Structures are given as C-alpha cells and as structure tokens.
Amino acid sequence: MSDSGYAKDVIVIGGGPAGYAAAIYAVRAGRSTLLIEGLQPGGQLTTTTEVENYPGFANPITGPELMTAMKEQALRVGTEFVNDVVESVDLSKRPFKVRVGKGEIEAKTLIIATGAEAKYLGLESEQTFRGRGVSACATCDGFFYRDLKVAVIGGGDTAAEEAIYLTNHASEVFLVHRRDELRASKIMSRRVADHPKITMKWNRVLDEVVGNDSGVTGVRLKDPRTDEIEELATDGVFIAIGHQPNTNFLDGQLKTDDAGYLITAPDSTQTSVEGVFASGDVQDSVYRQAVTAAGTGAMAGIEASRFLEEQG
Amino acid sequence: MSELIETGTDANFDEIVRGSDVPVLVDFWAPWCGPCRMVGPVLEEVAAEYAGKAKVVKVNVDENTVVAGSMGIRSIPTVALFHNGKLTDTLVGARPKQDFTAALDETLAGILPN
C-alpha cells in the first residue's frame, strides 16, 4: 500500500449532471470514486420543470426525474456517495485534503463540479425580505402567489422561464428588464411577448424592494437612463439576473476569471493545479446546459483517470 | 420517513407545535420542491440526535395552506423554530445541518442553564 493508501482515487465535489457524469466515467475506468453531493443534490435542475433539450428523451422529462436517474446510474456503477457539504480543501500537495462536516477525506485527484447558484442584486431590502416575498426560485415559491401580482427581474432565458412559470399561479407578472430587448432566446422571448398575463417593464432596474412586517408589498423601479422612479404594487419579486459559480470553499487555490469561474486548460478540464479538474457550470459561463455539464463531467472523469495512470 | 418526525397539519399544529414542552423545528415543504429534498434527511439526523430534547415536525404546505399562510411562509424550504408556543427563529432555504443545530443549541442553552 502506498503512502496515500487511504486516499480515494477520485473525489467528485458536486451532485449535478457534471458531477454524476464525472463519477460514472471515473468508476467505469476502475477508479475508487466518492461523490460529495453538497447542499442541493441534483443541482439546479431540481428547481426546473420540464427539460426539453436533454437528448435521449423524446418526451420531456422533469428536472428532478432526470437527476434522480443520473444519480441512480452513478450509484449502480459503483460510486460511493457522501451526503455532506465541503467546507474547505487543501490543494497544496497530493493527496488533496477535503474537509466536510463529518471529517476529512483524502483524494489523489479532485473533480470540482459545484455548479453555480442564483445571483442576487445585493440590495439590503432584498436580503430583508428574502423568504418573505423575495425569491430566486419560481418553481419553489410560485405556489405562494396564487392570484397575486409578482415581478420578475432579469432579461435572459431564466427570467423568461420564471415569468412564464409564474403565470400558472399569479394573476399578473411584470417582467422588469434594464434594456428594451430581452437577451432570452427567440422562442422564449416570443412566448413572453405573446402571454396575456405578462407585462413588460422595459428600461427599468430594481432600485429597492418595498415592504412591511408581513412581507413584500411592491417594488421601486428606476429608469437607468433618466433616474426616474416608479413604484409598482406586487406581492412578490423573483430575482433572475444570472448565476455565480460556487467556489468559496476553494479559498482562491485555483485560478478563476474575473467573474469567478474556474479557468481550465484549452480543450481540457485541467485547472491551475495538477490533478484537479473542473466540469460543469463552475467553469462554464457560456453554455450552462445540463448536456454540456454532463459532457465536461465525462471529460473530467476520463482526464482524472488518465492522470492517475500517468502517475502510476 | 423517520418515526421521530411528526407530521404537522392545519388541524394539529397548535397542539403538537405550539403546545410542545420541548423546542420544535418545523419543516415547511412540498413534494414538488427540489431543495426541500435536501432538508428532509438533514432534519432526520437532527431529530435522532436531539431525541427527548427537541423534536421535528414536517408540514406539507400543499395540503396545509392555513398554517403556512398564517405564518406568512412564501418560500420553501423554510424551517421555523418554536419554543413555548412562540416562533423564535426562521431559517429560509436549504441549509447545512449546523445551521439547524446551532439554532436549537441556542434555544436549549436558554432552557437548561448549566
């Protein structure tokens, strides 16, 4: 037994499509593989409804169903699962050390697949009313807005999807965007434009969330061109302005770009530390799809296995 | 579900939560809420570790709109801590276990001074 006899060949951090795919490939390459699922097993897909663009499913499958199937597949091939949260890692030498709530685990290689999470604007009022009218998850919280009015902040696909989903519950949905055109795909933009319950608020940013002891009562919007203020009475506000990668636990030990996404070598998942690989949304600010996450996950699983082979 | 976790409803909430002798963590959840799935197993562990000192009650907001509405719950998962019939803490969103145990420990420290 070598010095690192107690170390796992591969530890995958993150339970989303990138992590599950990485584990499936590493295990099938004969590597002892442990996957730490984190706070949200299944990842962002667990908060989506129907997934219409994951190849292989002629009929739409729901996000949670897809993720349950991926997890079962990873389990079946022999991945060891830990239901815990990574607090910190030590990448200064191999084997790498991974600290979780229940203790410390060692790994010869690491695959970071911690994904990204919804970003908030950073307003104080946003924090004050979080869970009392401010949300970043329409599928979680839309239920509470039956026949009420809500605002969605953002202009990308996520914002468009959230707005459309919320029309199932709310009486009226205001979609607030800082420009006069959505960034969302053409098909989503058209669905929003054609929807009788959605009212566009072009050229507006969220200036402050307004509320009282019982929660949100409205939003104060600002026209960034004129600084003109407008108040809108709503019972909730959904923030859908994008995502930020989950890298806090790395404490700067891996190189990131200005937005915080992990930098990987061209055509590879290799990070700035040898033996550490990254896949999925934590290193991808461009595509951010379940299928691209699974794709880079597979790459990371293969590359980790090859690295172990080269190390002997 | 663990036997240690009780099921709260609109009908029994006053009795098993507000009327409890020990602090109660109330997990407001729904079957369609992805992040809620994470909180369930964490609270089962908490229920086991704090057996006799505190308890955990799960309330399905889909079926029990009155109690969720009266508490102004507008986001799930939300975990509320009750002690002596009063709401003492509210934790919104999926959280690590230590957030729940810290809230309980703080409340228990107030009850059982050493």
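Does segment A:299-311 contain any residue that is in contact with a strand residue (DSSP E or B) (Cβ under 9 Å, 6 or more places away or on another chain) and surrounded by fewer than 17 Cβ atoms within 10 Å (Cβ to Cβ)? Yes, segment A:299-311 has at least one match.
Scan segment A:239-271 residue by residue and report those that are in contact (Cβ under 8 Å) with a residue 60 or more places away in the chain and among the β-branched types (Val, Ile, Thr). Of everything in segment A:239-271, those that are in contact (Cβ under 8 Å) with a residue 60 or more places away in the chain and among the β-branched types (Val, Ile, Thr) turn out to be A:Ile239, A:Ile241, A:Thr247, A:Thr269, A:Thr271. Being out of contact with any His (no Cβ under 8 Å at 6 or more places or on another chain) and crowded, with 18+ Cβ neighbours inside 10 Å is a description that applies to A:Asp284.
Within segment A:161-183, does at least one residue satisfy the condition of being touching a strand residue (DSSP E or B) at 6+ places or on another chain (Cβ under 7 Å) and modelled with pLDDT under 95? Yes: segment A:161-183 contains one or more residues that are touching a strand residue (DSSP E or B) at 6+ places or on another chain (Cβ under 7 Å) and modelled with pLDDT under 95. Checking each residue of segment A:249-262 against the condition of being of a type in the set (Ser, Thr, Tyr), buried (at least 19 other Cβ atoms within 10 Å of the Cβ) and not assigned by TED's automatic domain parsing to the domain that holds A:Glu303 gives no match. Selection of segment B:23-35 for residues being open to solvent by 10 Å² or more (accessible area, probe 1.4 Å) and either under 20 Å from B:Asp10 (Cβ atoms) or at pLDDT 85 or above (or both) yields B:Trp29, B:Pro31, B:Trp32.
Every residue, every condition in (1) at negative phi; (2) within 13 Å of chain A (Cβ to nearest Cβ); (3) surrounded by 18 or more Cβ atoms within 10 Å (Cβ to Cβ); (4) in a helix (DSSP H, G or I), yes or no:
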position: B:Glu45; (1), (2), (3), (4): yes, yes, no, yes
position: B:Glu63; (1), (2), (3), (4): yes, yes, no, no
position: B:Ala68; (1), (2), (3), (4): yes, yes, yes, yes
position: B:Gly72; (1), (2), (3), (4): no, yes, no, no
position: B:Ala80; (1), (2), (3), (4): yes, yes, yes, no
position: B:Thr88; (1), (2), (3), (4): yes, no, no, no
position: B:Arg95; (1), (2), (3), (4): yes, yes, yes, no
position: B:Leu104; (1), (2), (3), (4): yes, no, yes, yes
position: B:Ala109; (1), (2), (3), (4): yes, no, no, yes
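Pick out the one residue from A:Glu80, A:Glu65, A:Glu117, A:Glu87 that is within 12 Å of another protein chain (Cβ to nearest Cβ), in contact (Cβ under 8 Å) with a residue 24 or more places away in the chain, open to solvent by 60 Å² or more (accessible area, probe 1.4 Å) and out of contact with any helix residue (DSSP H, G or I) (no Cβ under 7 Å at 6 or more places or on another chain). Of the residues listed, the single one that is within 12 Å of another protein chain (Cβ to nearest Cβ), in contact (Cβ under 8 Å) with a residue 24 or more places away in the chain, open to solvent by 60 Å² or more (accessible area, probe 1.4 Å) and out of contact with any helix residue (DSSP H, G or I) (no Cβ under 7 Å at 6 or more places or on another chain) is A:Glu117. Just to be sure before I move on: is A:Pro55 crowded, with 22+ Cβ neighbours inside 10 Å, on the phi < 0 side of the Ramachandran plot, out of contact with any strand residue (DSSP E or B) (no Cβ under 7 Å at 6 or more places or on another chain) and in a loop (DSSP other than H, G, I, E, B) in the structure I sent? Against the criterion (crowded, with 22+ Cβ neighbours inside 10 Å, on the phi < 0 side of the Ramachandran plot, out of contact with any strand residue (DSSP E or B) (no Cβ under 7 Å at 6 or more places or on another chain) and in a loop (DSSP other than H, G, I, E, B)), A:Pro55 does not qualify. The single condition among (1) surrounded by 23 or more Cβ atoms within 10 Å (Cβ to Cβ); (2) more than 30 Å from A:Leu308 (Cα to Cα); (3) within 20 Å of the chain's Cα centre (by Cα) that A:Ala170 does not satisfy is (3).
Taking segment A:24-42 as the range and being within 9 Å of chain B (Cβ to nearest Cβ) and out of contact with any Lys or Arg (no Cβ under 8 Å at 6 or more places or on another chain) as the test, the residues that pass are A:Glu37, A:Gly38, A:Gln40.
Annotation: A:Asp267 fulfils all but one of (1) open to solvent by 30 Å² or more (accessible area, probe 1.4 Å); (2) within 30 Å of A:Asp207 (Cβ to Cβ); the unmet one is (2). Of everything in segment A:143-161 that is closer than 26 Å to A:Asn203 by Cβ and within 10 Å of chain B (Cβ to nearest Cβ), the residue that is surrounded by the most Cβ atoms within 10 Å (Cβ to Cβ) is A:Tyr145.
The values are calculated or read from the model by the stated rules, or taken from the named source; none is laboratory data. All of these numbers come straight from a predicted model, not from anything done at the bench. Cβ atoms come from the backbone with ideal geometry, glycine included; neighbour counts cover every protein chain shown. Protein only, heavy atoms only, side chains kept; ligands, DNA and RNA dropped before computing areas. Shrake-Rupley method; radii C 1.70, N 1.55, O 1.52, S 1.80 Å.
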